[in-house]
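Structure first, commentary second.
The values are calculated or read from the model by the stated rules, or taken from the named source; none is laboratory data. This structure is a prediction, so every number in the text was calculated from the model and none was measured. With ideal geometry, Cβ positions are generated from the backbone for all residues, glycine too; neighbour counts draw on all protein chains shown.
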Amino acid sequence: MIVVEDQKVNRRETVCSCGERAKLRYGSRDFFIGPRKITVLNMPYYYCERCDEASFDSKWPVDKVLKFAYLNGLNKIDWNEKVLYI
């Protein structure tokens, strides 16, 4: 039996809902939770140039990072330091 670890490397691209390829980028993304805006810095995301949409991999702990920021009253949080939050 061969055991394979979860893939540690992010895919470089994925298929967007419009059918085009969305490429991996890193940058700041804004999220709104109620009236509050939380900016996540240095975050990976897939961006489609055709429809100008960003999407995220379901394996990325976006919800946990946002929850930490929200509960601690942070307006900005750095994705590169996520191991400190979750």
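A few points about this structure:
- Within segment 45-61, tally of residues that are of a type outside the set (G, A, S) and either touching a helix residue (DSSP H, G or I) at 6+ places or on another chain (Cβ under 8 Å) or surrounded by 14 or more Cβ atoms within 10 Å (Cβ to Cβ) (or both): 8
- Residues of segment 15-28 that turn out to be surrounded by 13 or more Cβ atoms within 10 Å (Cβ to Cβ) and either closer than 17 Å to C51 by Cα or at pLDDT below 95 (or both), as a count: 6
- Residues in segment 26-35 that are part of a strand (DSSP E or B), of a type outside the set (V, I, T) and more than 10 Å from the chain's Cα centre (by Cα): D30, F31, F32.
- Candidates are the residues of segment 65-86 that are at pLDDT below 95 and surrounded by 12 or more Cβ atoms within 10 Å (Cβ to Cβ); the one that is farthest from V40 (Cα to Cα) is Y85.
- Each residue in segment 49-86 was checked for being farther than 25 Å from R12 by Cβ and of a type in the set (F, W, Y), and 3 of them qualify.
- Looking only at segment 36-86, and only at residues there that are in a loop (DSSP other than H, G, I, E, B) and polar (S, T, N, Q), the one that is nearest to L24 (Cα to Cα): S58
- Matching residues, segment 19-34, being within 14 Å of V62 (Cβ to Cβ) and aliphatic (A, V, I, L, M): I33
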